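The values are calculated or read from the model by the stated rules, or taken from the named source; none is laboratory data. Since the structure is predicted, the reported quantities are computational estimates derived from the model, not experimental observations. Here the Cβ positions follow ideal geometry from the backbone for every residue, glycine too, while neighbour counts run over all protein chains shown. Side chains are part of the model used for accessible areas, which takes the heavy atoms of the whole protein and leaves out ligands, DNA and RNA. Shrake-Rupley method; radii C 1.70, N 1.55, O 1.52, S 1.80 Å.
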Amino acid sequence: MPAGSDVDRKALWVVKELGLPAIVKACASCRSTRHHPTGKFRVNASGKLLDVWMLIRCELCDRTSKIPVHERVHVQALDHERLLMFEGNHPAMVRRLAMDPAPAGKAAHRLDWSGTWELETDMPFYEPDDPAPLEVVVRFELPAPIRVEKLLTAGLDLSRSAVRDAVRSGRVHLPLAVDAKAREDFTFFVTPVCAPPA
Ligand SMILES: [Zn+2]
């Protein structure tokens, strides 16, 4: 694998954020399952115990429902700054929780990331005749889980089978499996080779 410092050609791909993922759960009023945060939290104190919910709204009928963030947590166990963010409906906290799969797992809803991102590539990056290796930095503006193969087919403008061939032959050197889902920044290398005549 070429060392980063030896690579002259570099490209930056950015997974640009188009929006937050939809929160998928059944709506009690209609048949839609897609929800979005209202931007508000609800904090309920019962003695020393706190419940915190994030409020969400059905995309179709506007019915508001809530998903648990903290349940029956002792007031002293909750970081004070964090509590203030809930009480102040802090947008950064809404954003963080709206994209966090952990509360989703607990609350038995899932996140739908379709339409939340687009890949912006810094062209040109792939000239088969250029023997110089290329380093590509993929930067995520949001932690959308995207199959590596999908990023490569889009970014390199290759078919799935061509991407798999390139990975198998070592022309594309990945830090993770081509089947894996990436959701944070990574770097990979492309080493173009002159293909022998078929
Ligand atoms: Zn609804």
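Go through region 50-105 and count every residue that is within 16 Å of the ligand (Cβ to nearest atom) and either of a type outside the set (S, T, N, Q) or on the phi > 0 side of the Ramachandran plot (or both).
Going through region 50-105 one residue at a time, the tally reaches 11.
Looking for whichever is charged (D, E, K, R) and in a loop (DSSP other than H, G, I, E, B) here; the options are 82, 72, 31, 42. Which one fits?
Working: 82 fails: in a loop (DSSP other than H, G, I, E, B); 72 fails: in a loop (DSSP other than H, G, I, E, B); 42 fails: in a loop (DSSP other than H, G, I, E, B).
Every option except 31 fails the conditions.
So if I check each of 98, 108, which one is assigned by TED's automatic domain parsing to the domain that holds residue 33 and surrounded by fewer than 11 Cβ atoms within 10 Å (Cβ to Cβ)? Walk me through how you get there before you give the answer.
Values: 98 fails: surrounded by fewer than 11 Cβ atoms within 10 Å (Cβ to Cβ).
Answer to the check: 108.
Condition first: more than 16 Å from the ligand (Cβ to nearest atom) and open to solvent by less than 20 Å² (accessible area, probe 1.4 Å). Now tell me which residues in region 20-40 satisfy that. Reasoning before the result, please.
First, the residues of region 20-40 that are more than 16 Å from the ligand (Cβ to nearest atom): 20-21, 39-40.
Result: 21, single match.
Select, from 23, 67, the only residue that is in a strand (DSSP E or B), farther than 30 Å from residue 121 by Cα and either modelled with pLDDT of 95 or more or touching a His at 6+ places or on another chain (Cβ under 9 Å) (or both).
Details: 23 fails: farther than 30 Å from residue 121 by Cα.
When all the criteria are applied, what remains is 67.
Consider only pairs whose beta carbons are under 6 Å apart and that are at least six residues apart or on different chains; among these, list those whose first residue lies in region 53-82 and is open to solvent by 50 Å² or more (accessible area, probe 1.4 Å) and whose second residue is aromatic (Phe, Trp, Tyr) and more than 16 Å from the ligand (Cβ to nearest atom).
Partner pairs satisfying both residue conditions: 66/53.
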